[in-house]
1. Looking at 3, 79 in this structure, which one is at pLDDT 65 or above and hydrophobic (A, V, I, L, M, F, W, C)?
2. With under 18 Å from the mean Cα position of the chain (by Cα) and modelled with pLDDT of 85 or more as the only criterion, which of 67, 16 stands out?
3. Restricting attention to the stretch 33-52, which residues are outside any helix (DSSP H, G or I) and β-branched (Val, Ile, Thr)?
Amino acid sequence: MIVAVPFTFGMIILCWLWLTKFAFKLAPQQNNSQMTEVFSAQLKAQGNMTIAEKNVMYVFLFAVFGWLLETLFTNMDRVKHNGYGNRCCSVYYVICFTCRQ
């Protein structure tokens with residue numbers, strides 16, 4: 001962890017620089033207000049989130065927080081876990097939310 005976190009941040013910065021400066025050269029935008037108007041129009045055209053989209057968001061957040069907090073929960077009950085329970089719960093919620101009518 002001591003080596004991986006700084007290495008990851010360094011690689012993210014290097015990848016961003018490579019993608020924006022060499023792979024896909026971005027021209028500077030002269031007028032940001034036009035871009036704001038375009039994004040606002042696209043956002044309005046999409047409308048509100050549907051129930052299915054919200055369910056997918058909730059399942060995703062549940063899975064992310066479960067994986068992030070897994071070590072906290074395993075240290076609380078002093079039992080070794082391999083993460084299998086969190087994956088099963090995430091799959092269960094995906095099936096329940098997407099298959100119900």
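1. Working: 79 fails: at pLDDT 65 or above.
Being at pLDDT 65 or above and hydrophobic (A, V, I, L, M, F, W, C) holds for just one of 3, 79, which is 3.
2. 16
3. Filtering the stretch 33-52 down to residues outside any helix (DSSP H, G or I) leaves 47-50.
Result: 50, single match.
The values are calculated or read from the model by the stated rules, or taken from the named source; none is laboratory data. What you see is a predicted model, and the numbers here were worked out from it, not measured in a lab.
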